[in-house]
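First comes the structure, then the notes that go with it.
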Protein chains: 2
Amino acid sequence: MTRVWNFSAGPGALPESVLRRAAVDMLDWQGCGMGVMEMSHRGKEYMSIHAQALADVRELLAVPDNYKVLFMQGGAIGENAIIPLNLIGRGDGADYVVTGSWSKKSEKEARKYGKTRIVANTESEAGFTTVPALADWQLSDNPAYVFTCPNETVVGVEYPFEPDLAQVGQGDVPVVADLSSSILSRPIDVSKYGLIFAGAQKNIGPAGVTLVIVREDLIGHALDICPSAFDYKTVADNDSMYNTPPTYPIYISGLVFQWLKAQGGLAAIERMNVAKAELLYRCIDGSALYENRVDKACRSRMNVPFFLKDEALNDAFLAGAKEADLVQIKGHKSVGGMRASIYNAMPLAGVQALVDYMVEFERSRG
Amino acid sequence: MTRVWNFSAGPGALPESVLRRAAVDMLDWQGCGMGVMEMSHRGKEYMSIHAQALADVRELLAVPDNYKVLFMQGGAIGENAIIPLNLIGRGDGADYVVTGSWSKKSEKEARKYGKTRIVANTESEAGFTTVPALADWQLSDNPAYVFTCPNETVVGVEYPFEPDLAQVGQGDVPVVADLSSSILSRPIDVSKYGLIFAGAQKNIGPAGVTLVIVREDLIGHALDICPSAFDYKTVADNDSMYNTPPTYPIYISGLVFQWLKAQGGLAAIERMNVAKAELLYRCIDGSALYENRVDKACRSRMNVPFFLKDEALNDAFLAGAKEADLVQIKGHKSVGGMRASIYNAMPLAGVQALVDYMVEFERSRG
């Protein structure tokens, strides 16, 4: 068996030790005679897995006591509707900060449920290559929330700050953050956010589970038309078991949380992520062939898009990469070029292998 | 490793050969160097798994060409809202046939989106132990659809007929059917239904994926407030990849579809299911200790609730069952007593082991 280096933007690579554990547990979890997929979600075996996963994510992110941690379904795209369904009734519409294709899509979906305002937008001036300073957000008077996407997976832009609205005198407005592609990649201060959500399939676990962390006072304000299965109050009151949860994806996510703790937690994983990103950006910046077009201060540590200045070499670059067992490097179709996603589960050795290949490709073909 | 006999109502037992295949594939699917959980849903490897699963379920159920097969998220409880969000705008409200706790819950949820009418209800007269004849359904003039739950998991009631409204001169009204606990347990005539849905975790695969089979003319009528991720048109137009699908649960479901084909398809699995159900009901009916309270004509082949006439023996019955590696036999909390769910993946040997235990328990303790 040869494992490849998988730079997929999501679903993405998982730690090998997690997969090995899952394979061992497949027919018989801890001697109970059942695999995890087969367990009643109401049985003591699955209940213990569920509770441990919730406790571990709380510990890793130091989630304050006045926040609920929920496992939901529907992914981040589902949350684009579920968030306004739950929150927009609290204020006079909602504010959106648009810094890439994901936050742009989120704003469009929210229009179904109330008034939205784009309070900052980097598309036309900067082509989604930067992040507007907090002071430049044109916040409205009484928004239900301010929506942000602090790491944009497609364009590779990441906020170089936490969106702490207290710094601009708006500390009472809840910040909603789509952290699908950067959650658990570094420590964050959860108390600066009203709601954090993340599709699991990038930095948490398998596709099919969505992590939601929501401040308790924001729960219980859903519109009448909100489906019960997607009402934060119903989900919270039932410990994420109002409907049958996606048990196996939650179990794998739990194994990833334990793997993260064994790595030393988020401070340790952040050091590794900084080292990986520096290695790759240094290669790009030191090259005559490759370029990254994002403001240096706003470059994503997780998703590194880059272009070959001679685009005629793209196919040869991708073919050679595949031969070197470096896969899923093609850029998103809306952007073109290349993109390497280097989530927590990608080891430094994988980034080094990519850099080695890029250097050799430039030497021989550039 | 000792595998138990798992009678869980869902998530339920999976075929052992499916789990063994999944364990082997875990780190490296067919030599591609990635596990299925790690695959980009846009990559050729996962796309082939996805397409094969869709093709196999079409083949097993002989789905006509004018129906779409969708993989969604949110489970059957999610669909309780998603169905009216998509369909109720087509007519003057919707009709509901209430034959158990699941269809009762479905009707309640649908009220958020339009006018509902309960056109038959077996709760007060019969305590959910029977199914009203088609001729007794008080259908309204122009319903968007008639909602049915042909197998009620909690109370163990199953329609002894297919709800073919042409027989009562209402062939134009689409029948919606929640087949969560009976799909793939026998051949059905899909053309008799407008929409079929099923949470996977009973007779298909792992929790976290919902199968929806919908006639094409019913697609494209969603209310404006329907989330894009749950709009059948968006999902169908994007081959169930508008948002990242729950890839691993779909992969396991696909392995189950292949296992079913290897068993001889639905006609063969139905014969096995009839044999299993007859064995268990015969044991109950021939006993002085056990009883099943459902009309014999409407007994579920999948979910067999039964009671010990001396309820003081319940705890001893459950404890002895556990010692005999027979697990998840306790009845639903709303009903009490016992319940054995004997889905496709439960072999005859498992039902025989349960019957042997029941006979011996009655002999020694009854």
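The values are calculated or read from the model by the stated rules, or taken from the named source; none is laboratory data. As the structure is a computational prediction, the values presented were derived from the model and not from experiment. Cβ coordinates were reconstructed from backbone atoms using ideal geometry, including for glycine residues, and neighbour counts include every protein chain displayed.
Numerical summary
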read-out	value
Residue that is nearest to B:Y113 (Cα to Cα) [pool: residues in the stretch B:227-239 that are more than 7 Å from every other protein chain (Cβ to nearest Cβ) and crowded, with 24+ Cβ neighbours inside 10 Å]	B:F230
When residues of the stretch A:60-102 are limited to those that are closer than 30 Å to A:A267 by Cβ and of a type in the set (D, E, K, R), the one farthest from the other protein chains (Cβ to nearest Cβ)	A:D65
All positions within the stretch B:19-51 that are within 20 Å of A:D28 (Cβ to Cβ) and outside any helix (DSSP H, G or I)	B:M26, B:L27, B:G35
Identity of the residue in the stretch B:277-293, touching a residue at least 12 places away in the same chain (Cβ under 8 Å) and either assigned to a helix (DSSP H, G or I) or within 19 Å of the chain's Cα centre (by Cα) (or both), that ends up surrounded by the fewest Cβ atoms within 10 Å (Cβ to Cβ)	B:L279
Single unsatisfied condition, A:A319 versus (1) loosely packed, with under 15 Cβ neighbours inside 10 Å; (2) under 19 Å from the mean Cα position of the chain (by Cα)	(2)
Residue in the stretch B:251-274 that is among the hydrophobic types (A, V, I, L, M, F, W, C) and not in a helix (DSSP H, G or I) present	no
Test: residue in the stretch A:106-114 that is in contact (Cβ under 8 Å) with a residue 40 or more places away in the chain and touching a strand residue (DSSP E or B) at 6+ places or on another chain (Cβ under 8 Å)	yes
From the options A:I183, A:I118, residue that is β-branched (V, I, T), assigned to a loop (DSSP other than H, G, I, E, B), in the same structural domain as A:G74 (by TED's automatic domain parsing) and at negative phi	A:I183
Evaluation of A:A312 against (1) surrounded by 14 or more Cβ atoms within 10 Å (Cβ to Cβ); (2) part of a helix (DSSP H, G or I); (3) not charged (D, E, K, R) (one fails), failing number	(1)
Some residue of the stretch A:278-291 being within 14 Å of another protein chain (Cβ to nearest Cβ) and not hydroxyl-bearing (S, T, Y)	no
Residue within the stretch A:53-64 that is within 24 Å of B:I250 (Cα to Cα), assigned by TED's automatic domain parsing to the domain that holds A:F197 and over 24 Å from the mean Cα position of the chain (by Cα) present	no
Residues (in contact with an Asp or Glu (Cβ under 7 Å, 6 or more places away or on another chain) and not hydrophobic (A, V, I, L, M, F, W, C)) located in the stretch B:74-99	B:N80, B:N86, B:D92, B:Y96, B:T99
Failed criterion for A:V327 (all others in (1) buried (at least 22 other Cβ atoms within 10 Å of the Cβ); (2) within 19 Å of the chain's Cα centre (by Cα) hold)	(2)
Conditions (1) on the phi > 0 side of the Ramachandran plot; (2) in the same structural domain as B:I250 (by TED's automatic domain parsing); (3) of a type outside the set (A, V, I, L, M): number failed by B:G10	(2)
Qualifying position, being closer than 23 Å to A:M39 by Cβ and among the small types (G, A, S), among B:A312, B:A297, B:A262, B:A319	B:A319
Yes/no for A:A207 being at pLDDT 95 or above and within 13 Å of the chain's Cα centre (by Cα)	yes
Counted residues, the stretch A:1-18 - those being outside any loop (DSSP other than H, G, I, E, B), closer than 18 Å to A:W259 by Cα and not hydrophobic (A, V, I, L, M, F, W, C)	2
Failed criterion for A:K105 (all others in (1) surrounded by fewer than 19 Cβ atoms within 10 Å (Cβ to Cβ); (2) within 14 Å of chain B (Cβ to nearest Cβ); (3) assigned to a strand (DSSP E or B) hold)	(3)
Answer residue from the stretch B:1-17, given it is more than 9 Å from every other protein chain (Cβ to nearest Cβ) and surrounded by fewer than 24 Cβ atoms within 10 Å (Cβ to Cβ) and is nearest to B:I77 (Cα to Cα) among those	B:P15
Filter result for A:F306 (surrounded by 14 or more Cβ atoms within 10 Å (Cβ to Cβ), in contact with an Asp or Glu (Cβ under 7 Å, 6 or more places away or on another chain) and either at pLDDT 95 or above or not assigned by TED's automatic domain parsing to the domain that holds A:E158 (or both))	yes
Qualifying position, being outside any helix (DSSP H, G or I), in the same structural domain as A:Y96 (by TED's automatic domain parsing), more than 17 Å from A:T148 (Cα to Cα) and β-branched (V, I, T), among A:I196, A:I213, A:I225	A:I225
Within the stretch A:24-58, considering residues that are of a type in the set (A, V, I, L, M) and surrounded by fewer than 17 Cβ atoms within 10 Å (Cβ to Cβ), the one farthest from the other protein chains (Cβ to nearest Cβ)	A:A55
So A:N203, is it surrounded by fewer than 24 Cβ atoms within 10 Å (Cβ to Cβ) and assigned to a loop (DSSP other than H, G, I, E, B)	no
Verdict on B:G127 being within 30 Å of A:I77 (Cβ to Cβ), out of contact with any Cys (no Cβ under 7 Å at 6 or more places or on another chain) and in the same structural domain as B:E158 (by TED's automatic domain parsing)	no
Of all residues in the stretch B:139-186 being crowded, with 22+ Cβ neighbours inside 10 Å and of a type in the set (S, T, Y), the one that is farthest from the chain's Cα centre (by Cα)	B:Y145
The stretch B:122-149 residues that are under 15 Å from B:E107 (Cα atoms) and among the aliphatic types (A, V, I, L, M), paired with ones that are part of a helix (DSSP H, G or I) and modelled with pLDDT under 95 (beta carbon under 7 Å, 6 or more apart)	B:A144/B:R90
Only listed residue being under 27 Å from B:N292 (Cβ atoms) and small (G, A, S), chosen from B:G93, B:G100, B:G114, B:G75	B:G100
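Here is a yes/no grid of residues against (1) more than 18 Å from A:V235 (Cβ to Cβ); (2) in contact with a strand residue (DSSP E or B) (Cβ under 6 Å, 6 or more places away or on another chain); (3) of a type in the set (K, R):
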| residue | (1), (2), (3) |
| --- | --- |
| A:Y67 | no, yes, no |
| A:M72 | no, yes, no |
| A:A76 | no, yes, no |
| A:I88 | no, yes, no |
| A:A94 | yes, yes, no |
| A:W102 | yes, yes, no |
| A:T116 | yes, yes, no |
| A:A126 | yes, no, no |
